[in-house]
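S.K.: Please read through the structure below; I'll follow up with questions.
The values are calculated or read from the model by the stated rules, or taken from the named source; none is laboratory data. Here the structure is a predicted model, which means the values were calculated and not measured. Please note: Cβ atoms are built from the backbone with ideal geometry, for glycine as well, and neighbour counts cover all protein chains shown. Side chains included, ligands, DNA and RNA excluded: accessible areas come from the protein's heavy atoms. Shrake-Rupley method; radii C 1.70, N 1.55, O 1.52, S 1.80 Å.
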Amino acid sequence: MPTPRSRHRRTTWPAALALVPLAATLTACGGDAEPAAAAAGEARGEVGIGALSHGAAKPATLKVPAVASLHDELPQEIKDKGELVIAVGALPAGSPPLNYIGSDQKTLTGSESDLGRLVAATLGLKPVVRNSTWENMFLGIDSGKVDVAFSNVTDTEERKRKYEFASYRQDNLAFETNKSESWTFTGDPAVLAGKTVAVSSGTNQERILLHWQRQLKKKGEKLTVKHYPDLNSTYLALSGKKIDAYLGPNPAIAYHTRTTEGTPRATRSAGTYSGAGSALQGLIAATAKKGSGLAKPLAGAINHLIDNGQYAKWLASWNLSDEAVERSEVNPPGLPLSDS
């Protein structure tokens, strides 16, 4: 499952990642993760997305010409190098649909590395994707071995002490129900009254769900919260209608709903909610070393992709359209210090 600290202090995904030297983990197989581009049939000015996704994405090839004005905004050392070294923290187990090993059992694929390559092409740079553990991804940024992380990193005020950000996706939770269900969560916990919802223990979404449970209890309404030892058990309970919904990370739920389409176990997303709570829309951001001068051209490239429609195509390919942002911002308000 996806990396645990991609959101904030209380983990959203339970997998633990071990420390591994970055030099030994440049991709899932120990080298720079460029086969994904070749597997998608990329040519100059084109970027393949959604390759080898185990059915989680709808593959596409997008025309992405370089934008000279954005290239000119890059730090001189990046222009001289001609490469954008992109970090993802997907080892050891991967985090579908964000970054994980593809259906050929060797190639790194996922929505995050796809966006990194789209941004690199827009900036007129060769993408070099390096995969490591979550901890070593940040060590790579700190040391200068990598330029930027595209790896589901939440914008927080704590992280701004060391890093600069260019936002590109909402940081959302989602309710997953059986396909036959028709209710949708729009932010009002009243819709959960009388329902049984599963959630992973010790997570941010559990904290939010228990808060709603207390609110409903004060009104004389009941929300039953269930915990299961793993996702397989959770999904067995959902398909067996022992629970009404599962509350989890939106990207993971988007992956599961896409891969169960057309099966007896088909599910649907029944609404999303900010991972930062009601007071702030959480944001996922490209992450570079503070003072590197990369955040501004990165945001410019993302906004160019938004304006020409390629950003929407990228999200749609990975079933993540409900996490779209209107614009990429440089260092937008992040999760407060008290909760990051």
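S.K.: Rounded, prolate or oblate for segment 40-148? Axes are the square roots of the Cα gyration tensor eigenvalues, ordered a ≥ b ≥ c, and the cut-off for rounded is a/c under 1.5.
M.R.: Details: a/c = 2.72, a/b = 1.19, b/c = 2.30.
Because a/c hits 1.5 or more and a/b fails to exceed b/c, segment 40-148 counts as oblate.
S.K.: Further question: Can you tell me how segment 167-217 classifies by the Cα gyration tensor, rounded, prolate or oblate, using a/c under 1.5 as the rounded cut?
M.R.: Details: a/c = 1.59, a/b = 1.13, b/c = 1.40.
It is oblate, given that a/c is not under 1.5 and a/b is not larger than b/c.
S.K.: Once label points are set 7 Å from the Cα along Cα→Cβ at both residue 72 and residue 307, what is their separation, rounded to one decimal in nm?
M.R.: 1.4 nm
S.K.: Hey, rough spin-label estimate for residue 179 and residue 316, points 7 angstrom out along Cα→Cβ, what's it come to in nanometres?
M.R.: 2.2 nm
S.K.: Take the chain, connect every pair of alpha-carbon atoms lying under 10 Å apart with a spring to form a Gaussian network, then pick out the residue of 104, 147, 80 with the largest mean-square fluctuation.
M.R.: So, out of 104, 147, 80, the one fluctuating most is 80.
S.K.: Would you mind getting the accessible area per residue of the chain, heavy atoms of the protein chains only, 1.4 Å probe, in Å²? Present the calculation step by step, with values, prior to reporting the outcome.
M.R.: Details: 13880 Å² over 340 residues.
Using a 1.4 Å probe on heavy atoms only, each residue of the chain averages 41 Å².
S.K.: With +1 on each Lys and Arg Cβ and -1 on each Asp and Glu Cβ, how big is the dipole of the chain about its Cα centre, in debye rounded to the nearest 20?
M.R.: On the way: 38 positive and 34 negative charges, 212 e Å.
It comes to approximately 1020 debye.
S.K.: Going by average Cβ density within 10 Å per residue, which order do the peptides 58-66, 222-230, 278-286 take, highest to lowest? Display every interim value, and only then the final one.
M.R.: On the way: 58-66: 16.0, 222-230: 14.3, 278-286: 21.2.
Descending mean neighbour count gives 278-286, 58-66, 222-230.
S.K.: Net charge within 11 Å of residue 73 by Cβ-Cβ distance, Lys/Arg positive one each and Asp/Glu negative one each, not counting residue 73 itself? Please report the intermediate quantities before stating the final value.
M.R.: Values: positive: 79, 296; negative: 72.
Here the count lands on +1.
S.K.: Please list 119, 191, 330 in order of solvent-accessible area, largest first, computed with a 1.4 Å probe with all protein chains present.
M.R.: Values: 119 0, 191 45, 330 70 Å².
Accessible-area ranking of 119, 191, 330, largest first: 330, 191, 119.
S.K.: Then there's this: Counting only protein heavy atoms and using a 1.4 Å probe, what share of the accessible area of segment 81-225 belongs to carbon plus sulfur, as a whole percent? Intermediate results must be reported in sequence, preceding the final value.
M.R.: Details: 2340 of 4870 Å².
With neighbouring chains kept in place, the figure for segment 81-225 is 48 percent.
S.K.: Here is a further query. Taking the alpha-carbon distance from residue 241 and a cut-off under 23 Å, which lysines remain once sequence neighbours fewer than 8 residues away in the same chain are dropped?
M.R.: Cross-link targets: 179, 195, 222, 226.
S.K.: Between residue 63 and residue 126, 0.36 nm times their residue separation minus their Cα-Cα distance comes to what? Walk me through the numbers before you get to the answer.
M.R.: Values: separation 63, 0.36 × 63 = 22.68 nm, distance 1.50 nm.
Going from the current span to full extension adds 21.2 nm.
S.K.: Per residue and in Å³, how big is the convex hull formed by the alpha-carbon atoms of segment 217-340? Mind dumping the intermediate values first?
M.R.: Working: hull volume 20.3 nm³, N = 124.
Value for segment 217-340: 163 Å³ per residue.
S.K.: May I ask for the Rg/Rh ratio of the chain, computed from Cα atoms with Rh as the Kirkwood radius, given to two decimals?
M.R.: Value, to two decimals: 0.97.
S.K.: Give me the base-10 log of I(q)/I(0) for segment 111-264 at each q in 0.14 Å⁻¹, Debye formula, one uniform scatterer per Cα, rounded to two decimals.
M.R.: Those come out to -0.86, one per q.
S.K.: Subtracting the Cα-Cα distance from 0.36 nm times the residue separation, let me have the gained length for residue 239 to residue 266 in nm, one decimal. Intermediate values should be presented prior to the final figure.
M.R.: Details: separation 27, 0.36 × 27 = 9.72 nm, distance 0.85 nm.
Residue separation times 0.36 nm, minus the Cα-Cα distance, leaves 8.9 nm.
S.K.: What FRET efficiency would be calculated for the residue pair residue 201, residue 103, taking the C-beta separation as r and a Förster radius of 30 Å, to the nearest 0.05? Show your work: numbers first, answer last.
M.R.: Working: r = 31 Å, r/R0 = 1.05.
Result of the calculation: an efficiency of 0.45.
S.K.: Please give the FRET efficiency for residue 191 paired with residue 218, using the beta carbon to beta carbon distance and R0 = 22 Å, rounded to the nearest 0.05. Walk me through the numbers before you get to the answer.
M.R.: Details: r = 17 Å, r/R0 = 0.75.
Using R0 = 22 Å, I get an efficiency of 0.85.
S.K.: Can you tell me the length gained on complete extension of the stretch residue 326 to residue 279, counting 0.36 nm per residue apart and subtracting the Cα distance?
M.R.: On the way: separation 47, 0.36 × 47 = 16.92 nm, distance 1.87 nm.
Contour length minus Cα-Cα distance gives 15.1 nm.
S.K.: Between residue 83 and residue 337, how high is the FRET efficiency from 1/(1 + (r/R0)^6) when r is the Cβ-Cβ distance and R₀ = 45 Å? Nearest 0.05. Please report the intermediate quantities before stating the final value.
M.R.: On the way: r = 34 Å, r/R0 = 0.77.
Rounded to the nearest 0.05, the efficiency is 0.85.
S.K.: If you build a Gaussian network model of the chain, linking Cα atoms that sit under 10 Å apart, which residue out of 131, 204, 152 swings the most?
M.R.: Maximum among the listed residues: 204.
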